[in-house]
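Notes follow once the structure below has been shown.
The values are calculated or read from the model by the stated rules, or taken from the named source; none is laboratory data. Every value quoted in this text rests on a predicted model; they were computed, and no experiment measured them. No Cβ is skipped: glycine too gets one built from the backbone with ideal geometry, and neighbour counts run over all protein chains shown.
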Amino acid sequence: MISAGKIATLPEGRSLGYDECGDPDGIPVMVFHGTPGSRIGLAGLEQDQVAERVGVRLIAPDRPGHGFSDHRVQRSVLDWPVDVLALADVLGISRFNVLGVGAGSAYVAACAFRIPHRLRAAGIIGGLAPIEVPGVTRGMARGYRTLLTSGRWLGWGLERAVRKLADGFTTNPSTTLDRLLEGAPELDRVLAADPRRRQLMIEGYREAFRRGPAGPTLDLRLVSQPWGFSLADVPMIVNLWHGLKDEMIPAAMGDYLGRALPRSETRVYAEEGQLTLWVNRFEEILGSLLATARREEGKPVG
């Protein structure tokens, strides 16, 4: 059953929003949204049914400044694992799995680097790679590439672009979503045309800007700049899934993550985009993640 949104209070008093779905007594999997994004849509529609069927408690938190989560002006990618541990402690969870979509890759990798002792398995779906790596943006849809490179070099340009997105999802959400999807492959656009899924996507983006554009702007800046650690130093297995039809985050990024993460396990799908991979392969993805967790149980990390 999908929650209507919950709020956890972190030790320093900040609020962290999250949703849950699936089996409340199941194996915990925290799933991290892309950017801009929010918890809405990660714990919904097919995900609820699939998670319940395979015995997973799916937990989708909002990053700071998104949805129900308080903004945090001074933060880095490596601060996220601290928030994740605090949420796990509030929920009474000792060990758990992490799964990220799109730009959520940076935060999965940060958790696998900083808190591997609390994780059972880690996975990335259609993951963004560090954009400073030569060649990784090859084939990326122009609009998203421009947004990310603005985050790396031009702070004012990024702020203006994100503010425009926030305004668009307030005043004309349907047209704004269509513009965002211009860079997506046709199979993803077809899937997004389903009325329920379309409404969920709009709600997810609008929720990203609930507290204004500051949180998503900072999030885009953080994932567009060096993440603060080397992927070569991630000690645990990271499962990767990538659709070759994905034009928002192209195959070059999946290839790089597979090479840079020393213990990566990669699955490539010739006929999937990012959205279709998330929808059509979600049960397979959860199954692979849990299989890795079982196989690695009790082994030393590193």
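Restricting attention to helices (runs of 4 or more DSSP H) lying wholly within region 165-267, give those where 1 or more residues are in contact (Cβ under 8 Å) with a residue 12 or more places away in the chain and hydroxyl-bearing (S, T, Y).
Filter on region 165-267 gives 173-180, 195-208, 214-224, 251-260.
In region 147-173, how many residues are loosely packed, with under 13 Cβ neighbours inside 10 Å, modelled with pLDDT of 95 or more and either more than 17 Å from F209 (Cβ to Cβ) or of a type outside the set (V, I, T) (or both)?
So the count comes out to 1.
Do we have S105 as polar (S, T, N, Q) and more than 23 Å from K245 (Cα to Cα) here?
no
I need the full set of residues from region 184-211 which are small (G, A, S) and surrounded by fewer than 17 Cβ atoms within 10 Å (Cβ to Cβ), in order please.
Within region 184-211, the first condition is being small (G, A, S), and the residues that meet it are 184, 192-193, 204, 208.
Listed by number, the list holds a single entry, A193.
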